[in-house]
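J.: One structure coming up, written as structure tokens, with questions to follow.
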Amino acid sequence: MSLRWRYATKKFDPTRKIPQADWNALEEALVLSPSAFGLQPWKFIVITDQATKEALVPVSWGQRQVADCSHLVVFAHKKELDIEYIDAYLKRIIEVRGVTLESLSGYRKMMSGTLIEGPVRERIADWNQRQTYIAFGTFITCAALMGIDTCPMEGLLPEKYDEILGLEERGLTTGAACPAGYRAADDRYAALAKVRFEAKDLVEYI
């Protein structure tokens, strides 16, 4: 099973790059990731420029995966949500499905009432970040199914990432990052048994 094969890769082979066709599939997986209301309050910053990756190593607790991977994906989320963003999403629904704005009025009111006027507004950045983690998991899983290694990372300084990548002025902030590529032949962690609690300790049937 691919999920048994995958692990948080500690050492990437810097000479191996993800083929463009495979990367296109992973990009599509990111775009197709689900989110509450379908709002997609995120931005995926894909970094292949080596100088930029190197600049991020010191603010990633010195972890070389950031620089040695093929593609580094930074999962950023919106710090705020406003009615203009909701309306932009509704416009996209109209474009794709050929429906009318009037038919979406109830949906608009529900989203606005929950996210703009309701109690979620006070914690909207956290809400947005939780949505982004859905995409985070989707990316890691799809990569494993394709035989591509990843290393999900929260071991970084978000404010420094924001500064280096110019996210602050765009209303975005870093939530996590995920190097992707291919494991080095001498990464000893690849051979370690995966440690999980047994299913009986984690799964309950009622």
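Any read-out appearing in this document is the output of simple, stated calculations on the displayed coordinates, not a laboratory observation. These figures come from a predicted structure and were not determined experimentally. Neighbour counts run over all protein chains shown; Cβ positions are idealised from the backbone, glycine included.
Here is a yes/no grid of residues against (1) touching a residue at least 24 places away in the same chain (Cβ under 8 Å); (2) on the phi < 0 side of the Ramachandran plot:
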{"position": "VAL57", "(1), (2)": "no, yes"}
{"position": "LEU72", "(1), (2)": "yes, yes"}
{"position": "ASP87", "(1), (2)": "no, yes"}
{"position": "ASN128", "(1), (2)": "yes, yes"}
{"position": "ILE134", "(1), (2)": "yes, yes"}
{"position": "GLY166", "(1), (2)": "no, no"}
{"position": "THR174", "(1), (2)": "yes, yes"}
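J.: When you go through GLU198, GLU117 one by one, which is the residue that is surrounded by 11 or more Cβ atoms within 10 Å (Cβ to Cβ) and of a type in the set (Asp, Glu)?
T.: Result: GLU117 is the single residue among GLU198, GLU117 that is surrounded by 11 or more Cβ atoms within 10 Å (Cβ to Cβ) and of a type in the set (Asp, Glu).
J.: Of the numbered conditions (1) in a helix (DSSP H, G or I); (2) farther than 23 Å from ASP68 by Cβ, ALA144 fails exactly one; give the number of that condition.
T.: The single condition ALA144 does not satisfy is (2).
J.: Also: Can you tell me which condition ARG4 does not meet? The list is (1) surrounded by 13 or more Cβ atoms within 10 Å (Cβ to Cβ); (2) basic (Lys, Arg); (3) over 30 Å from GLU163 (Cβ atoms), and all the others hold.
T.: (1)
J.: Which residues, counting only those in the stretch 57-87, are under 21 Å from GLY175 (Cβ atoms) and loosely packed, with under 15 Cβ neighbours inside 10 Å?
T.: PRO58, TRP61, GLY62, GLU80, ASP82
J.: Let me ask you something else. Looking at the stretch 4-25, is at least one residue closer than 30 Å to GLU198 by Cβ, assigned to a helix (DSSP H, G or I) and not β-branched (Val, Ile, Thr)?
T.: Looking for residues that are closer than 30 Å to GLU198 by Cβ, assigned to a helix (DSSP H, G or I) and not β-branched (Val, Ile, Thr), one finds at least one in the stretch 4-25, hence yes.
J.: Still on this structure, I have one more. Is it true that ILE93 is without any contact (Cβ under 8 Å) to a residue 60 or more places away in the chain, assigned to a helix (DSSP H, G or I), under 18 Å from THR132 (Cβ atoms) and touching a helix residue (DSSP H, G or I) at 6+ places or on another chain (Cβ under 7 Å)?
T.: Spelling it out, it is not the case that ILE93 is without any contact (Cβ under 8 Å) to a residue 60 or more places away in the chain, assigned to a helix (DSSP H, G or I), under 18 Å from THR132 (Cβ atoms) and touching a helix residue (DSSP H, G or I) at 6+ places or on another chain (Cβ under 7 Å).
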